[in-house]
1. So which residues in region 128-157 are of a type in the set (A, V, I, L, M, F, W, C), within 18 Å of E228 (Cα to Cα) and part of a helix (DSSP H, G or I)?
2. Among residues belonging to region 114-145 that are out of contact with any Lys or Arg (no Cβ under 8 Å at 6 or more places or on another chain) and at pLDDT 95 or above, point out the one that is surrounded by the fewest Cβ atoms within 10 Å (Cβ to Cβ).
3. Out of V69, V109, V21, V37, report the one residue that is of a type in the set (V, I, T), on the phi < 0 side of the Ramachandran plot and modelled with pLDDT of 70 or more.
Amino acid sequence: MVLFDIYSFAIVGLYLWQKLVENDKVLPTKVLKLISVSPSAWQLTLGMTGNGSRNFKAGDFFFISFPKVKGLSKEAHPFSLTNAPIDSDRQLVFTIRKLGDFTKKTFFVESWRYGSCRRTVRPFSSIIDNKKEADLIFIGMGTGIAPLLSLSRQYQNQRRIKVVWTVKNLNEAYYDQIFEKMKSDSFEYHMQAGRIKAKQIDELFSEKELRSGLFFVVGPAFAIISLENSLKKHSVSKDRLIDERLTM
(Lines give C-alpha, C1' and ligand atoms only; values in the text may rest on other atoms or scores of the structure.)
Protein backbone atom coordinates (compact mmCIF):
# COMPACT_ATOMS: atom_id res chain seq x y z
CA MET A 1 0.00 0.00 0.00
CA VAL A 2 1.35 3.41 -0.92
CA LEU A 3 1.78 5.62 2.11
CA PHE A 4 0.92 9.31 1.97
CA ASP A 5 1.90 11.89 4.57
CA ILE A 6 0.31 15.27 5.15
CA TYR A 7 2.40 16.94 2.45
CA SER A 8 1.46 14.38 -0.18
CA PHE A 9 -2.21 14.95 0.64
CA ALA A 10 -1.59 18.67 0.33
CA ILE A 11 -0.23 18.33 -3.21
CA VAL A 12 -3.15 16.13 -4.27
CA GLY A 13 -5.52 18.64 -2.69
CA LEU A 14 -3.90 21.51 -4.54
CA TYR A 15 -4.30 19.68 -7.83
CA LEU A 16 -8.01 19.11 -7.15
CA TRP A 17 -8.36 22.72 -6.04
CA GLN A 18 -6.88 23.88 -9.33
CA LYS A 19 -9.44 21.84 -11.25
CA LEU A 20 -12.27 23.55 -9.36
CA VAL A 21 -11.00 27.08 -10.01
CA GLU A 22 -9.82 26.57 -13.57
CA ASN A 23 -10.35 30.18 -14.62
CA ASP A 24 -9.08 31.90 -11.48
CA LYS A 25 -5.71 33.62 -11.04
CA VAL A 26 -4.53 33.30 -14.63
CA LEU A 27 -0.99 34.65 -14.86
CA PRO A 28 -0.24 36.42 -18.18
CA THR A 29 3.05 35.06 -19.53
CA LYS A 30 4.85 34.26 -22.74
CA VAL A 31 7.35 31.49 -23.38
CA LEU A 32 10.83 32.94 -23.79
CA LYS A 33 12.81 29.76 -24.22
CA LEU A 34 12.45 26.00 -24.35
CA ILE A 35 15.67 23.98 -24.45
CA SER A 36 16.65 20.37 -23.91
CA VAL A 37 19.11 20.31 -20.99
CA SER A 38 19.62 16.54 -21.13
CA PRO A 39 18.26 13.48 -22.92
CA SER A 40 15.48 13.32 -20.32
CA ALA A 41 14.65 16.93 -19.38
CA TRP A 42 13.44 20.25 -20.79
CA GLN A 43 14.07 23.69 -19.34
CA LEU A 44 11.14 26.05 -19.92
CA THR A 45 11.50 29.79 -19.31
CA LEU A 46 8.40 32.00 -19.11
CA GLY A 47 8.34 35.78 -19.01
CA MET A 48 5.76 37.93 -17.20
CA THR A 49 3.67 40.00 -19.60
CA GLY A 50 1.47 41.88 -17.10
CA ASN A 51 2.31 45.09 -15.25
CA GLY A 52 4.42 44.71 -12.15
CA SER A 53 6.11 41.61 -10.75
CA ARG A 54 4.32 38.51 -9.58
CA ASN A 55 4.55 37.73 -5.86
CA PHE A 56 6.01 34.23 -6.03
CA LYS A 57 8.36 32.39 -3.68
CA ALA A 58 11.17 29.88 -4.12
CA GLY A 59 9.92 26.33 -4.62
CA ASP A 60 6.40 27.39 -5.61
CA PHE A 61 4.16 25.20 -7.76
CA PHE A 62 2.61 26.50 -10.96
CA PHE A 63 -0.10 24.80 -12.99
CA ILE A 64 0.80 24.90 -16.68
CA SER A 65 -1.30 24.22 -19.76
CA PHE A 66 -1.06 24.92 -23.48
CA PRO A 67 -4.73 25.19 -24.49
CA LYS A 68 -3.98 26.41 -28.03
CA VAL A 69 -1.69 23.55 -29.00
CA LYS A 70 -3.61 21.08 -31.13
CA GLY A 71 -3.18 17.49 -29.97
CA LEU A 72 -1.76 18.47 -26.57
CA SER A 73 -3.83 17.87 -23.46
CA LYS A 74 -5.73 20.98 -22.31
CA GLU A 75 -5.38 19.83 -18.71
CA ALA A 76 -3.06 21.89 -16.49
CA HIS A 77 -0.19 20.06 -14.79
CA PRO A 78 1.76 21.13 -11.67
CA PHE A 79 5.46 21.93 -11.94
CA SER A 80 7.92 23.43 -9.44
CA LEU A 81 10.05 26.50 -10.01
CA THR A 82 13.74 26.04 -10.73
CA ASN A 83 14.70 29.69 -10.31
CA ALA A 84 14.05 32.02 -7.38
CA PRO A 85 12.73 35.59 -7.02
CA ILE A 86 16.24 36.82 -6.25
CA ASP A 87 17.29 35.68 -9.75
CA SER A 88 14.43 37.50 -11.47
CA ASP A 89 10.91 38.49 -10.46
CA ARG A 90 9.92 38.71 -14.12
CA GLN A 91 10.81 35.19 -15.26
CA LEU A 92 9.74 31.68 -14.27
CA VAL A 93 12.03 28.75 -15.03
CA PHE A 94 10.89 25.11 -14.90
CA THR A 95 12.73 21.83 -15.35
CA ILE A 96 10.37 19.28 -16.88
CA ARG A 97 11.00 15.60 -17.33
CA LYS A 98 10.42 14.15 -20.79
CA LEU A 99 7.86 11.63 -19.61
CA GLY A 100 4.13 11.25 -20.24
CA ASP A 101 1.86 12.62 -22.95
CA PHE A 102 2.16 16.22 -21.78
CA THR A 103 5.95 16.45 -21.81
CA LYS A 104 7.31 13.77 -24.12
CA LYS A 105 5.36 14.13 -27.36
CA THR A 106 7.10 15.82 -30.27
CA PHE A 107 4.68 18.75 -30.40
CA PHE A 108 5.66 19.81 -26.87
CA VAL A 109 8.79 21.22 -28.51
CA GLU A 110 6.60 23.44 -30.70
CA SER A 111 4.33 24.62 -27.90
CA TRP A 112 6.69 27.45 -26.92
CA ARG A 113 4.89 29.69 -29.42
CA TYR A 114 1.67 29.65 -27.43
CA GLY A 115 0.51 31.34 -24.23
CA SER A 116 -0.44 29.20 -21.26
CA CYS A 117 -2.22 29.49 -17.92
CA ARG A 118 -0.46 29.31 -14.56
CA ARG A 119 -1.42 29.57 -10.95
CA THR A 120 0.75 29.25 -7.87
CA VAL A 121 0.79 27.82 -4.36
CA ARG A 122 3.66 27.83 -1.88
CA PRO A 123 4.22 24.77 0.32
CA PHE A 124 7.99 24.86 0.92
CA SER A 125 9.23 28.35 1.77
CA SER A 126 6.68 28.88 4.55
CA ILE A 127 7.85 25.66 6.25
CA ILE A 128 11.48 26.86 6.10
CA ASP A 129 10.59 30.31 7.41
CA ASN A 130 8.75 28.78 10.38
CA LYS A 131 11.82 26.75 11.43
CA LYS A 132 14.56 29.36 11.32
CA GLU A 133 17.17 27.49 13.36
CA ALA A 134 17.22 24.16 11.51
CA ASP A 135 19.86 23.26 8.94
CA LEU A 136 18.30 22.61 5.53
CA ILE A 137 18.94 19.26 3.86
CA PHE A 138 17.78 19.08 0.23
CA ILE A 139 17.70 15.68 -1.47
CA GLY A 140 16.72 15.68 -5.14
CA MET A 141 16.28 12.66 -7.38
CA GLY A 142 16.56 13.43 -11.09
CA THR A 143 14.35 16.39 -12.04
CA GLY A 144 13.30 16.50 -8.40
CA ILE A 145 16.26 18.85 -8.01
CA ALA A 146 14.25 21.70 -9.60
CA PRO A 147 12.46 23.17 -6.55
CA LEU A 148 15.54 22.46 -4.42
CA LEU A 149 17.73 24.58 -6.70
CA SER A 150 15.12 27.32 -6.36
CA LEU A 151 15.18 27.05 -2.56
CA SER A 152 18.98 26.85 -2.53
CA ARG A 153 19.30 30.08 -4.48
CA GLN A 154 16.85 31.85 -2.17
CA TYR A 155 18.32 30.72 1.16
CA GLN A 156 22.02 30.15 0.42
CA ASN A 157 23.18 33.25 2.31
CA GLN A 158 20.67 32.88 5.14
CA ARG A 159 20.87 29.25 6.28
CA ARG A 160 23.22 26.29 6.43
CA ILE A 161 22.34 24.07 3.47
CA LYS A 162 23.36 20.64 2.24
CA VAL A 163 22.23 19.48 -1.21
CA VAL A 164 22.42 15.86 -2.31
CA TRP A 165 21.46 15.19 -5.93
CA THR A 166 21.15 11.68 -7.34
CA VAL A 167 20.97 11.13 -11.10
CA LYS A 168 20.56 8.06 -13.25
CA ASN A 169 23.63 8.84 -15.35
CA LEU A 170 26.26 11.54 -15.00
CA ASN A 171 25.15 13.13 -18.29
CA GLU A 172 21.87 13.95 -16.51
CA ALA A 173 23.61 16.22 -13.98
CA TYR A 174 22.69 19.37 -15.93
CA TYR A 175 22.84 21.71 -12.92
CA ASP A 176 26.07 20.31 -11.46
CA GLN A 177 28.20 23.35 -12.32
CA ILE A 178 25.65 25.72 -10.80
CA PHE A 179 25.73 23.87 -7.50
CA GLU A 180 29.52 23.58 -7.56
CA LYS A 181 29.80 27.37 -7.80
CA MET A 182 27.44 27.78 -4.84
CA LYS A 183 29.61 25.73 -2.47
CA SER A 184 30.90 27.57 0.61
CA ASP A 185 31.48 27.04 4.34
CA SER A 186 27.70 27.09 4.85
CA PHE A 187 26.67 25.36 1.60
CA GLU A 188 27.60 21.72 0.94
CA TYR A 189 26.86 19.84 -2.25
CA HIS A 190 27.15 16.20 -3.27
CA MET A 191 26.09 14.60 -6.55
CA GLN A 192 26.17 10.91 -7.45
CA ALA A 193 24.89 8.46 -10.04
CA GLY A 194 22.41 6.08 -8.43
CA ARG A 195 20.09 6.35 -5.44
CA ILE A 196 21.28 6.87 -1.88
CA LYS A 197 21.89 3.53 -0.19
CA ALA A 198 21.09 2.97 3.48
CA LYS A 199 24.76 2.46 4.31
CA GLN A 200 25.58 5.92 2.89
CA ILE A 201 23.40 7.87 5.29
CA ASP A 202 25.98 8.10 8.07
CA GLU A 203 28.57 9.13 5.47
CA LEU A 204 26.46 11.83 3.81
CA PHE A 205 24.86 13.42 6.86
CA SER A 206 26.33 14.51 10.17
CA GLU A 207 24.95 13.46 13.54
CA LYS A 208 23.62 17.00 14.03
CA GLU A 209 21.86 16.99 10.65
CA LEU A 210 20.22 13.66 11.39
CA ARG A 211 19.19 14.80 14.85
CA SER A 212 17.82 18.27 14.05
CA GLY A 213 18.02 19.05 10.31
CA LEU A 214 14.97 19.78 8.17
CA PHE A 215 14.90 17.29 5.25
CA PHE A 216 13.24 18.08 1.92
CA VAL A 217 13.09 15.10 -0.45
CA VAL A 218 11.81 15.38 -4.02
CA GLY A 219 11.60 12.51 -6.50
CA PRO A 220 9.61 9.40 -7.48
CA ALA A 221 7.21 8.18 -4.79
CA PHE A 222 8.67 4.67 -4.42
CA ALA A 223 12.22 6.01 -4.05
CA ILE A 224 11.15 8.62 -1.49
CA ILE A 225 9.36 6.03 0.68
CA SER A 226 12.44 3.82 0.70
CA LEU A 227 14.81 6.67 1.57
CA GLU A 228 12.55 8.11 4.25
CA ASN A 229 12.27 4.71 5.92
CA SER A 230 16.07 4.60 6.09
CA LEU A 231 16.29 8.17 7.42
CA LYS A 232 13.77 7.38 10.17
CA LYS A 233 16.02 4.52 11.29
CA HIS A 234 18.78 7.12 11.66
CA SER A 235 16.81 9.33 14.09
CA VAL A 236 15.17 11.63 11.53
CA SER A 237 11.69 12.26 12.95
CA LYS A 238 8.64 12.31 10.68
CA ASP A 239 7.93 15.98 11.40
CA ARG A 240 11.33 16.87 9.86
CA LEU A 241 10.66 14.97 6.61
CA ILE A 242 8.96 17.04 3.92
CA ASP A 243 8.57 15.52 0.49
CA GLU A 244 7.18 16.09 -2.98
CA ARG A 245 6.38 12.86 -4.82
CA LEU A 246 6.66 13.29 -8.56
CA THR A 247 4.02 11.70 -10.76
CA MET A 248 5.24 12.82 -14.20
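1. I145, L148, listed by residue number.
2. Per the stated criteria, the residue is G140.
3. V37
The values are calculated or read from the model by the stated rules, or taken from the named source; none is laboratory data. Since the structure is predicted, the reported quantities are computational estimates derived from the model, not experimental observations. A quick note on method: Cβ atoms are made from the backbone with ideal geometry, for glycine too, and the neighbour counts reach across all protein chains shown.
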